[in-house]
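All remarks here apply to the structure that follows.
The values are calculated or read from the model by the stated rules, or taken from the named source; none is laboratory data. Keep in mind it's a predicted model, so treat the numbers as computed, not measured. When we count neighbours, we look across all protein chains shown, and the Cβ atoms used for this are built from the backbone with ideal geometry, even at glycine.
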Amino acid sequence: MHKRPRSILIAENNRAMAQALRLHMERAGYSVYVAHDGDQASILAARQRFDLIIASLELPAISGAEFCRHVREDLRLTETPMAVCCTPNLKANAESLAFNYGISRIFVKPIDPSMMVAFANETVAGLVAAV
């Protein structure tokens, strides 16, 4: 039986950061989709099932906070694990989001991509064990 690769949506406006995360995640065996603004991320999240969503709070168009709210209001996505990335000055906002929207993890920029991969592996392994 052929299993589908685990998929991750990365919503990150910093293109270099998004590319670095994508590269590390793909090397770890994930199918990765990248959106550079909140509108793109919302469209992708509505169209496809993801095993993990990682969103920056500093997204243009729709903010990262609004994107998180959209995800949690979509009944198909309420159980999808989410992490947020933020600059140090937005950490308090991220902590509030974590509480309000069930965010699994907060990453403060600059982010070590290997830590993000470790988090993804842990989270996705938890999903597989729960099935």
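Taking the listed residues F67, F107, F50, F119, the one that is aromatic (F, W, Y), assigned to a loop (DSSP other than H, G, I, E, B) and surrounded by 16 or more Cβ atoms within 10 Å (Cβ to Cβ) is F50, with no other qualifying.
Taken as a whole, the condition of being aliphatic (A, V, I, L, M) and more than 13 Å from the chain's Cα centre (by Cα) applies to A92. Remark: pairs (first residue in the stretch 44-58, hydroxyl-bearing (S, T, Y); second residue part of a loop (DSSP other than H, G, I, E, B); Cβ separation under 7 Å; 6+ apart in sequence or on different chains) = S56/E12; S56/N13. Among all positions in the stretch 83-91, there is at least one residue which is of a type in the set (A, V, I, L, M), surrounded by 12 or more Cβ atoms within 10 Å (Cβ to Cβ) and more than 18 Å from A41 (Cα to Cα). Looking for whichever is touching a Pro at 6+ places or on another chain (Cβ under 9 Å) and farther than 21 Å from G38 by Cβ here; the options are G102, G126. Which one fits? On inspection, the qualifying residue turns out to be G126. Scanning the stretch 21-43 for residues that are part of a helix (DSSP H, G or I) and either of a type in the set (K, R) or buried (at least 17 other Cβ atoms within 10 Å of the Cβ) (or both) returns L21, R22, H24, M25, R27, G38, Q40, A41, S42. Would you say A18 is at pLDDT 95 or above and touching a His at 6+ places or on another chain (Cβ under 8 Å)? Here the answer is yes, as A18 does meet what is asked.
Being of a type in the set (S, T, Y) and either closer than 19 Å to S7 by Cβ or modelled with pLDDT of 95 or more (or both) is a property that S96 lacks.
Can you find, within the stretch 76-103, the residue that is nearest to N14 (Cα to Cα) among those that are of a type outside the set (V, I, T) and in a loop (DSSP other than H, G, I, E, B)? Filtering the stretch 76-103 for residues that are of a type outside the set (V, I, T) and in a loop (DSSP other than H, G, I, E, B), the one nearest to N14 (Cα to Cα) comes out as P81. For the stretch 53-64, filtered to residues that are of a type outside the set (V, I, T) and buried (at least 22 other Cβ atoms within 10 Å of the Cβ), the residue that is farthest from the chain's Cα centre (by Cα) is L59. When P113, P81 are checked against the criterion of being touching a residue at least 40 places away in the same chain (Cβ under 8 Å) and under 10 Å from the mean Cα position of the chain (by Cα), P81 stands alone in meeting it.
Contact map, the stretch 21-42: first residue more than 25 Å from A65 (Cβ to Cβ), second residue polar (S, T, N, Q) and crowded, with 17+ Cβ neighbours inside 10 Å, Cβ cut-off under 6 Å, separation 6 or more or different chains; pairs are S31/S7.
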